[in-house]
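Peer 1: Quick one: this structure, given as structure tokens, is what I'll be asking you about.
The values are calculated or read from the model by the stated rules, or taken from the named source; none is laboratory data. Because the structure is predicted, anything quoted here is derived from the model rather than measured. Don't worry about glycine lacking a Cβ; one is built from the backbone with ideal geometry, like all the others, and counts go over all protein chains shown. Side chains included, ligands, DNA and RNA excluded: accessible areas come from the protein's heavy atoms. Shrake-Rupley method; radii C 1.70, N 1.55, O 1.52, S 1.80 Å.
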Amino acid sequence: SGADRWEQTFYQYSYEKDASAHLGAEYNISRNHTAGIQLTEQYSHSDNNDNSVARAFNINSNMLDSVIRTNGTSSEYLKGRHSLNLNYEWRIDSAGKKLNVDADYYTQAMQRSRSFFTQGYARDGSTGAGSDNTMGANPAITIKSAKMDVEWPLRAFALSFGGKAAMVDNAAYNEYKLNDGSHFIVDTTRTNEFAYHEETRALYANGQRSIGKFDMQAGLRSEWTTMETYSATTGERHKTDYQKFFPSGYLQYKINDNNVISINYSRRINRPGYGQLNPFRSYFGPNFYSMGNPALRPSFSNGMELTYRLKGHYSFKIFGKQTDNYWDRLYQIDATSGATVATRANIGLAQQCGVNVSAQLTIKKWWEARGSVNCGYGRYKLHYYMAETTLAMVNQWFDINNTFFLNKNKTLSAEIFAYYYTPRQKDYKVWADQSTFDINFRWLLLDKNLTIAVHFEDLMAKAYWLQTNAFNGTREYSYDNARGCRLSVTYKFGNKNVKIKLSDHSNEEIQRVNQ
């Protein structure tokens, strides 16, 4: 038909229900020895309805050439997320020497399914042959980790050191079926059995010392990692072994009680999530699908910040960061089918720098405010689309948060939050401006054990994002932070002194599960 420009809209409506429980206990073995346990259980189920319309336009006449409509239903059942943490603390002496040991075991099993029917329409409204499709997946993951941390104060400086070992196994059988007119048959070209294995061993040491008005800290972490992905369907295997060092440093000079200046440096790693490595294709229509990349590798960044603090309320910061082996989500065209593919890849070098001015104030006894003004510059040297490309842009962003206490004991409060981003460059993509405006109410009852909160989110319906690929012109619009109202009720009971030593946010391996 000569059409090579596609416009596609995708709408999804979701309903979700979940249940979770967190149990923790702590036992004082003796005055210097404490042991604890934490158990987390979570189950959830979501049902989704979606529809999409893909329109093909003739590149020469810009006339509508054909339309493809897709209607689908999907469900995701979390059959169980189980997390167990065992911890032990030994307070060695009164000088501050201390040993902490943590052991974690985490498992998760899911069942995903999707059915969708696709129908094509010609320019005159006539229909072609439709297709009936189903997809199913059963990803499962197991994470085992253990770490030891030692605090050992010395006369010259405070020393801390430790180590960690972690092992991750992630497997999924992803099946794709087509209806041949009488029953569904497996499409072996789109079905994939995938496995991922990762082992990490790390050692670290950190020293801290204060001399007069100076505070100093320096640390070094060494990491040995093995990563391997394997597709039993295609026989494709990717394996990587590396040893990396991650230094860090911090220096602060306290001029007086009202003026403090500091500088810090750190080297960090950004690992992809386990789902971002899975090569299975998730189709949203016949000409658009997303897939992971088993060859995706971590990125490494070096960052530095110079900060000046005034009276404990104002902060002025200059920052810079360079990321090697930078990776992100992008679009490409499938050379065989012509379909648009959303995937992730290591695409080049990223450099960011900027300034930040922030303030945190108590304007009245009943009014607290904080906010920031920022200006940044992003520069990217990229090579993904078979060509060296350099893209750069200056952007600004602002945010403000006001809290109003509506009674004397501050148990009833209202919060107003807003932010605004100007257009910005993010690798190949140019993001349009973005903003939000939220109002929240919070009421503390029963000696602050009961919290009732009402959240009015994105009242101006501006929290959508629109990004345009500067290289190939593809555009993506999403409004997944929809305007709405949310009610939450929380009640705290039991011993408030029980330590919760671990959460998903403190375990990097667990944090990557749903990415």
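Peer 1: Please go through the stretch 1-34 and pick out each residue that is at pLDDT 80 or above, aliphatic (A, V, I, L, M) and open to solvent by less than 80 Å² (accessible area, probe 1.4 Å).
Peer 2: Ala19, Ala21, Ala25, listed by residue number.
Peer 1: Now a separate question. Test Gly354 against the criterion of being outside any strand (DSSP E or B) and either of a type outside the set (A, V, I, L, M) or open to solvent by less than 20 Å² (accessible area, probe 1.4 Å) (or both), and give yes or no. I'd like the intermediate steps shown before the answer.
Peer 2: Working: outside any strand (DSSP E or B): no; either of a type outside the set (A, V, I, L, M) or open to solvent by less than 20 Å² (accessible area, probe 1.4 Å) (or both): yes.
Taking the combined requirement at face value, the residue does not satisfy it.
Peer 1: A further question follows. Testing Leu39 on (1) under 30 Å from Ser160 (Cβ atoms); (2) open to solvent by 70 Å² or more (accessible area, probe 1.4 Å), one condition comes back false. Which one is that?
Peer 2: (2)
Peer 1: If Ile141 satisfies all but one of (1) among the β-branched types (Val, Ile, Thr); (2) under 28 Å from the mean Cα position of the chain (by Cα); (3) open to solvent by 20 Å² or more (accessible area, probe 1.4 Å), what's the number of the condition it fails?
Peer 2: Of the numbered conditions (1) among the β-branched types (Val, Ile, Thr); (2) under 28 Å from the mean Cα position of the chain (by Cα); (3) open to solvent by 20 Å² or more (accessible area, probe 1.4 Å), the odd one out for Ile141 is (3).
Peer 1: Oh, and also: Just to be sure I understand the filter: pairs with C-beta atoms under 9 Å, separated by 6 or more residues or on different chains, first member in the stretch 401-418 and in contact (Cβ under 8 Å) with a residue 40 or more places away in the chain, second member aliphatic (A, V, I, L, M) and open to solvent by 50 Å² or more (accessible area, probe 1.4 Å). Which pairs pass?
Peer 2: Taking only residues 6 or more apart or on different chains, the pairs are Phe405/Leu412; Leu406/Leu412.
Peer 1: Answer yes or no as to whether Gln243 is polar (S, T, N, Q), over 20 Å from the mean Cα position of the chain (by Cα) and within 15 Å of Thr225 (Cα to Cα). Even if it seems obvious, please write down each step before you answer.
Peer 2: Numbers: polar (S, T, N, Q): yes; over 20 Å from the mean Cα position of the chain (by Cα): yes; within 15 Å of Thr225 (Cα to Cα): yes.
Here the answer is yes, as Gln243 does meet what is asked.
Peer 1: Also, I was wondering about something else. Here are Glu151, Glu199, Glu193, Glu175: which of them is assigned to a strand (DSSP E or B), within 30 Å of Phe300 (Cα to Cα) and modelled with pLDDT under 95? Spell out how you get there, then give the answer.
Peer 2: Numbers: Glu151 fails: modelled with pLDDT under 95; Glu199 fails: modelled with pLDDT under 95; Glu175 fails: within 30 Å of Phe300 (Cα to Cα).
The conditions single out Glu193.
Peer 1: If a residue has to be hydrophobic (A, V, I, L, M, F, W, C) and open to solvent by 60 Å² or more (accessible area, probe 1.4 Å) to count, how many in the stretch 417-438 make the cut? Can you show your working first?
Peer 2: Going through the stretch 417-438, the residues hydrophobic (A, V, I, L, M, F, W, C) turn out to be 417-418, 430-432, 437.
Next cut, open to solvent by 60 Å² or more (accessible area, probe 1.4 Å) only: 437.
So the count comes out to 1.
Results for (1) modelled with pLDDT under 95; (2) open to solvent by 70 Å² or more (accessible area, probe 1.4 Å); (3) not basic (Lys, Arg), shown as yes or no for each residue.
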| site | (1), (2), (3) |
| --- | --- |
| Gln252 | no, no, yes |
| Asn264 | no, no, yes |
| Arg267 | no, no, no |
| Gly273 | yes, no, yes |
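Peer 1: Given the criterion aromatic (Phe, Trp, Tyr) and open to solvent by 70 Å² or more (accessible area, probe 1.4 Å), identify the matching residue among Tyr331, Tyr377, Tyr326. Talk me through it step by step, then tell me what you get.
Peer 2: Details: Tyr331 fails: open to solvent by 70 Å² or more (accessible area, probe 1.4 Å); Tyr326 fails: open to solvent by 70 Å² or more (accessible area, probe 1.4 Å).
Just one listed residue meets the conditions, Tyr377.
Peer 1: Report, by residue number, each residue of the stretch 439-458 that is assigned to a strand (DSSP E or B) and either open to solvent by 30 Å² or more (accessible area, probe 1.4 Å) or touching a Leu at 6+ places or on another chain (Cβ under 7 Å) (or both). Don't jump to the end; show me each part of the working.
Peer 2: Taking the stretch 439-458 first, the residues assigned to a strand (DSSP E or B) are 439-445, 450-457.
Residues satisfying the conditions are Ile439, Phe441, Arg442, Trp443, Leu444, Leu445, Leu450, Thr451, Ile452, Val454, Phe456, Glu457.
Peer 1: Being polar (S, T, N, Q), farther than 27 Å from Arg201 by Cα and open to solvent by less than 70 Å² (accessible area, probe 1.4 Å), is that true of even one residue in the stretch 235-250?
Peer 2: No, the stretch 235-250 contains no residue that is polar (S, T, N, Q), farther than 27 Å from Arg201 by Cα and open to solvent by less than 70 Å² (accessible area, probe 1.4 Å).
Peer 1: Same structure again: Hey, can you tell me all the residues within the stretch 398-433 that are under 17 Å from Asp458 (Cα atoms), out of contact with any Leu (no Cβ under 8 Å at 6 or more places or on another chain) and not β-branched (Val, Ile, Thr)?
Peer 2: Scanning the stretch 398-433 gives Phe398, Asp399, Asn401, Asn402, Glu415, Phe417, Ala418, Tyr419, Tyr420, Tyr421, Asp433.
Peer 1: Determine whether the stretch 247-258 contains at least one residue that is out of contact with any Phe, Trp or Tyr (no Cβ under 6 Å at 6 or more places or on another chain), part of a strand (DSSP E or B) and of a type in the set (Lys, Arg). Before the answer, list the steps.
Peer 2: To start, the set of residues in the stretch 247-258 that are out of contact with any Phe, Trp or Tyr (no Cβ under 6 Å at 6 or more places or on another chain) comprises 247-248, 250-252, 254-258.
Going one step further and asking which of them are part of a strand (DSSP E or B), we end up with 247-248, 250-252, 254-256.
Filter again for of a type in the set (Lys, Arg), leaving 254.
The answer is yes, given that some residue of the stretch 247-258 is out of contact with any Phe, Trp or Tyr (no Cβ under 6 Å at 6 or more places or on another chain), part of a strand (DSSP E or B) and of a type in the set (Lys, Arg).
Peer 1: State yes or no: is Ile269 more than 23 Å from Met227 (Cβ to Cβ) and either β-branched (Val, Ile, Thr) or within 23 Å of the chain's Cα centre (by Cα) (or both)?
Peer 2: On the way: more than 23 Å from Met227 (Cβ to Cβ): no; either β-branched (Val, Ile, Thr) or within 23 Å of the chain's Cα centre (by Cα) (or both): yes.
Taking the combined requirement at face value, the residue does not satisfy it.
Peer 1: Which one is nearest to Ser372 (Cα to Cα), of the residues in the stretch 339-351 that are open to solvent by 20 Å² or more (accessible area, probe 1.4 Å) and touching a residue at least 60 places away in the same chain (Cβ under 8 Å)? Give the derivation first.
Peer 2: Restricting attention to the stretch 339-351, the residues satisfying the condition of being open to solvent by 20 Å² or more (accessible area, probe 1.4 Å) are 340, 344, 346, 349, 351.
Narrowing the set further to residues that are touching a residue at least 60 places away in the same chain (Cβ under 8 Å) leaves 340, 344.
On the way: Thr340: 39, Arg344: 32 Å.
Here the answer is Arg344.
Peer 1: Is it true that some residue in the stretch 295-316 is in contact with a Lys or Arg (Cβ under 8 Å, 6 or more places away or on another chain), among the aliphatic types (A, V, I, L, M), outside any strand (DSSP E or B) and open to solvent by less than 70 Å² (accessible area, probe 1.4 Å)?
Peer 2: Looking through the stretch 295-316, at least one residue is in contact with a Lys or Arg (Cβ under 8 Å, 6 or more places away or on another chain), among the aliphatic types (A, V, I, L, M), outside any strand (DSSP E or B) and open to solvent by less than 70 Å² (accessible area, probe 1.4 Å).
Peer 1: Taking the conditions exactly as written (surrounded by fewer than 17 Cβ atoms within 10 Å (Cβ to Cβ), assigned to a strand (DSSP E or B) and under 24 Å from the mean Cα position of the chain (by Cα)), does Tyr289 satisfy them or not?
Peer 2: Working: surrounded by fewer than 17 Cβ atoms within 10 Å (Cβ to Cβ): no; assigned to a strand (DSSP E or B): yes; under 24 Å from the mean Cα position of the chain (by Cα): yes.
Against the criterion (surrounded by fewer than 17 Cβ atoms within 10 Å (Cβ to Cβ), assigned to a strand (DSSP E or B) and under 24 Å from the mean Cα position of the chain (by Cα)), Tyr289 does not qualify.
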